Amino acid sequence: MESFSLILAIVVVTALAFDFTNGFHDTANAMATTISTGALKPKVAVAMSAVLNLVGAFLSVEVANTISKGLVDESGIRPEVIFAALVGAILWNLLTWLVGLPSSSSHALMGGLIGATVASAGFGAVHGDVLVTKVLLPAIAAPLVAGVAAMFATRLSYRLGRNTDGKASEKGYRAGQIASAGLVSLAHGTNDAQKTMGIITLALVAGGAVSPDSDPPLWVILSAGLAIAMGTYLGGWRIIRTMGKGLTDLQPQQGFAAQTSAATVILASSHLGFSLSTTHSVSGSVMGAGLGRKGGVVRWSTATRMFVAWGLTLPAAALVAALAEWVCGFGDWGTALVAVFLVASSAAIWKISRREVVDHTNVNEHDEAPDKEPSGVVTQAMAAVTPPPAGIVTDDLSATIPAPAPTDPAAPAAPPAATTV
């Protein structure tokens, strides 16, 4: 290394913080269906996903090279631009995590990088052809391809299992879910961890620490892999709840079909160097699996909220990053102000999230609803057919119904009370 300035160190730390949020934000991509169908316990699932994310980070650097060498012009990028891009990506990740929406960390990072670059060097510094062919087109194609594949795979699974023992078939598909979930986690590491590798490498080139056109150094690959694995182990339980139960109710056959289809699409895109959104791929495959089962449904209200979030991700992250870059342009105090804003905003979002905690103990809590005390219409219906206990005032009487006094068989009967007209 030729040099490693303070701002460059801040950028590297911030990039690893983004990688950490990417881990807990996108854990749902790999493990939501496995958790929702009961194939794995929640903590076991996220631990398995964390290990495989780390392994996947070492399998390829094609996506990292797309970001560090292809999307923007390296010559016009300063470390402050990378820092501003990461601010936009991190804040969008945290906001969508807070509301439980599975948006794309990849597109948040792309949007942040584009917005900060445009604010710094103009639109000419963004390579539009790379943006269209390796970011935007895959963003549209991935959920469609994964969804169609999952739909047909689900139908095939049910057709093949018509004449088999139901319990044995379900047990087999649960085992298949574990294997396919591992494949998605591995694919997530090969694609998403590389995005942080690419952004750190771009910062190193901008700061003069490595030569242009360099591949990510080994320490960058290792640190990015560890950061995303640590974030994955924490578990993005809010998004897991949405992906596992919010879109559709999945059976093991559907979970297996969804995860296998998504993993195939993600691994293929990683090989080709496409900066694919694993969130889009898995969401599309889950919806396809929901449509593939006879009688299955997709909750389109939830899906619509997701689609809106997907559409807002690039421009929202770009806008925040552009504003951050404008403030950073005032010098060191501007960069410090942006850093304080990032820390304060992140802390505020975390504090708000504590008002309703979602973790491994209640991520599937709505499955237990029948065991809970009924409410609303059910309670009113029960009250209508249940006689009121003695001594209780009811809505239909203006006086308390007296409780009958205990009678002694040996005692003489009491004379009837006089009636007053």
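The values are calculated or read from the model by the stated rules, or taken from the named source; none is laboratory data. Being a predicted model, the structure only gives us computed values, none of them experimental. For neighbour counting, all protein chains shown are included, and Cβ atoms are generated from backbone atoms with ideal geometry for every residue, glycine included. SASA here: full protein model, heavy atoms, side chains in, ligands and nucleic acids out. Shrake-Rupley method; radii C 1.70, N 1.55, O 1.52, S 1.80 Å.
Some values worked out for this structure:
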{"read-out": "Accessible area, probe 1.4 Å, largest first, for residues V13, V130, V87", "value": "V13, V130, V87"}
{"read-out": "Accessible-area composition of segment 167-306, carbon plus sulfur, in percent [1.4 Å probe]", "value": "66"}
{"read-out": "³J(HN,Hα), Karplus 6.51/-1.76/1.60, whole Hz, each residue of segment 123-132, x for Gly, Pro", "value": "5, x, 7, 9, 7, x, 5, 5, 4, 6"}
{"read-out": "Å² per residue, accessible surface of segment 224-358 at 1.4 Å", "value": "42"}
{"read-out": "Distant-in-sequence amide H partners of V72 (H built 1.01 Å from N, under 5 Å)", "value": "H127"}
{"read-out": "Net charge of Cβ neighbours under 15 Å - reference F20; Lys, Arg +1; Asp, Glu -1", "value": "-2"}
{"read-out": "Neighbourhood charge, 14 Å Cβ-Cβ cut-off, centred on G112 and excluding it, Lys, Arg +1 and Asp, Glu -1", "value": "-2"}
{"read-out": "Accessible heavy-atom area order of E356, E74, E325, highest first, probe of 1.4 Å", "value": "E356, E74, E325"}
{"read-out": "HN-Hα J in Hz across segment 187-204 - Karplus 6.51, -1.76, 1.60, θ = phi - 60°, x for Gly and Pro", "value": "5, 4, x, 6, 9, 7, 4, 5, 5, 5, 4, x, 6, 5, 4, 4, 5, 5"}
{"read-out": "Solvent-accessible area of R299 with every protein chain in place, 1.4 Å probe, in Å² to the nearest 10", "value": "80"}
{"read-out": "Residues whose placed amide H lies under 5 Å from that of G236, excluding near-sequence neighbours", "value": "T27, A28"}
{"read-out": "Nonlocal amide H pairs with G161, under 5 Å, H built at 1.01 Å", "value": "none"}
{"read-out": "Whole-angstrom gap from segment 230-263 to segment 136-164, using each part's C-alpha centre", "value": "15"}
{"read-out": "Segment 90-109 and segment 172-221: distance between their alpha carbon centers, rounded to Å", "value": "18"}
{"read-out": "Heavy-atom accessible area order for D249, D359, D129, largest first, 1.4 Å probe", "value": "D129, D249, D359"}
{"read-out": "For segment 277-289, 3J(HN,Hα) per residue [Karplus equation, 6.51 cos²θ - 1.76 cosθ + 1.60, θ = phi - 60°, Hz, x = Gly/Pro]", "value": "8, 5, 4, 4, 5, 5, 4, x, 5, 5, 5, x, 5"}
{"read-out": "Which of A206, A121, S169, positive extreme of dipole for segment 117-207 (C-beta unit charges)", "value": "S169"}
